[in-house]
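Student: Have a look at this one before I ask anything.
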Amino acid sequence: MHDIYRFSATAPLHAITAALEHDGCVVVTDLLTPTLLGTLREELAVHLSGTATCHGNFYGFATRRLSGLISKSQTCRQLAIHPLITAVMDTFLLLSCREYQLNLTQAICIGPGEPQQYIHTDAAMFPFENRSGESMINCMIAIDDFTSENGATRVVPGSHRWPPTREANADEILDATMPAGSMLIYFGSLQHGGGANRSAGERTGLVLSYSLGWLRQAENQYLAVPLELAAQLPVRLQRLLGYFVHAPNLGCYEGQDPIALLDGSLGREFREFLPQEVEPQLAEFRAQALSGRHAR
Ligand SMILES: O=C(O)CCC(=O)C(=O)O
Ligand SMILES: [Fe+2]
């Protein structure tokens with residue numbers, strides 16, 4: 001079996017997406033400059049210092065998780081709309097939706113002594129099979145160097161094509177080792193899990209997860225980001241938080257696009273949000289209905 005494909009962040013997009021499509025995962029190095037990485041580390045540290053360990057057989061007992069990062073970190077806000085990340089999401093998620101969204105943001109610090117995590121697919125949280133492609137795609141950004149000793153994410157390249165019941169053999173699981181500032185991109189349908197941390201220090205990674213715009217978000221972004229803060233964010237990020245209507249009519253607020261709540265343009269009319277392609281048929285039906293030409 002070949003190693004995980006690795007590209008620099010300046011590689012052509014098609015090379016990165018081709019590897020991702022083939023393996024269900026790919027590593028992109030040099031995503032963050034040392035300066036940006038330092039800033040991100042500081043922003044997360046402020047909140048991580050008061051974060052308790054998880055308490056669960058899946059999340060672990062020596063692992064700390066910090067969510068709601070759009071509220072907590074200016075750098076996460078920038079990363080969530082990073083052109084390379086959104087180009088990858090455009091390529092795959094727009095095959096199955098008109099607009100996609102932020103599914104969750106989470107810093108994961110695997111502490112010393114944590115055993116390997118159960119190998120799983122993240123898309124299993126959606127109880128259906130999406131035949132037209134991926135329902136979710138995740139980016140794991142290495143805040144520390146990811147090594148085989150400190151709990152680098154373990155991935156099973158190619159498992160995104162497997163039937164859900166097939167379990168990986170030990171020799172099919174690879175450690176996604178990468179220097180800090182790199183990013184592992186992996187499909188929601190890919191089998192993976194956090195590695196065992198046999199080192200003396202923590203392994204911190206930052207997950208930015210994206211999903212189809214007509215699915216429930218794993219992290220409730222409307223609660224995670226106060227309305228006053230959401231109102232100040234770039235429109236692209238507001239939409240990723242979920243302030244949009246997925247046609248037809250999914251996600252309205254008072255008959256309006258919820259983004260109107262953020263820019264103060266909430267109107268009074270009860271609008272409909274339909275796919276453009278159905279408009280001519282609907283208009284014709286209504287015209288005929290008005291002229292009494294339809295059977296009652
Ligand atoms: O921390 C990691 O490397 C992966 C964690 C993970 O896959 C999960 O919690 O769903
Ligand atoms: Fe996972």
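The values are calculated or read from the model by the stated rules, or taken from the named source; none is laboratory data. From a predicted model like this one, the values you see are computed outputs, not experimental measurements. Every residue, glycine as well, gets a Cβ built from its backbone with ideal geometry; the counts of neighbours run over all protein chains shown. Heads up: the accessible areas ignore ligands, DNA and RNA and are worked out on the full protein's heavy atoms, side chains in. Shrake-Rupley method; radii C 1.70, N 1.55, O 1.52, S 1.80 Å.
Student: Return a yes/no flag: does segment 232-241 have any residue that is in contact with a Cys (Cβ under 9 Å, 6 or more places away or on another chain) and among the β-branched types (Val, Ile, Thr).
Tutor: No: zero hits.
Student: If you check Ala124 against the conditions, is it hydrophobic (A, V, I, L, M, F, W, C), within 11 Å of ligand 1 (Cβ to nearest atom), open to solvent by 40 Å² or more (accessible area, probe 1.4 Å) and in the same structural domain as Glu172 (by TED's automatic domain parsing)?
Tutor: yes
Student: Next question, about the same structure. Consider Asp30 against the criteria (1) open to solvent by 70 Å² or more (accessible area, probe 1.4 Å); (2) within 26 Å of Tyr118 (Cβ to Cβ): it satisfies all of them except one. Which criterion is unmet?
Tutor: Tallying (1) open to solvent by 70 Å² or more (accessible area, probe 1.4 Å); (2) within 26 Å of Tyr118 (Cβ to Cβ), Asp30 fails exactly one: (2).
Student: Can we say Arg77 is touching a residue at least 60 places away in the same chain (Cβ under 8 Å) and either surrounded by 14 or more Cβ atoms within 10 Å (Cβ to Cβ) or not aromatic (Phe, Trp, Tyr) (or both)? Give the steps one after another, and end with the answer.
Tutor: Values: touching a residue at least 60 places away in the same chain (Cβ under 8 Å): yes; either surrounded by 14 or more Cβ atoms within 10 Å (Cβ to Cβ) or not aromatic (Phe, Trp, Tyr) (or both): yes.
Spelling it out, Arg77 is indeed touching a residue at least 60 places away in the same chain (Cβ under 8 Å) and either surrounded by 14 or more Cβ atoms within 10 Å (Cβ to Cβ) or not aromatic (Phe, Trp, Tyr) (or both).
Student: Restricting attention to segment 117-157, which residues are closer than 16 Å to Ser209 by Cβ and of a type in the set (Phe, Trp, Tyr)?
Tutor: Phe126
Student: Here's something else I'd like to know. Here are the criteria: (1) within 11 Å of ligand 1 (Cβ to nearest atom); (2) open to solvent by 20 Å² or more (accessible area, probe 1.4 Å); (3) under 25 Å from Pro164 (Cα atoms). Tell me which single one Gly60 does not satisfy.
Tutor: (2)
Student: If you don't mind, there's one more thing I want to ask. If we keep just the residues of segment 150-201 that are within 11 Å of ligand 1 (Cβ to nearest atom) and among the charged types (D, E, K, R), which is surrounded by the fewest Cβ atoms within 10 Å (Cβ to Cβ)?
Tutor: Top of the filtered list is Asp175.
Student: Condition test on Gly205, is it assigned to a strand (DSSP E or B), open to solvent by less than 10 Å² (accessible area, probe 1.4 Å) and touching a residue at least 60 places away in the same chain (Cβ under 8 Å)?
Tutor: Values: assigned to a strand (DSSP E or B): yes; open to solvent by less than 10 Å² (accessible area, probe 1.4 Å): yes; touching a residue at least 60 places away in the same chain (Cβ under 8 Å): yes.
Answer is yes for this residue.
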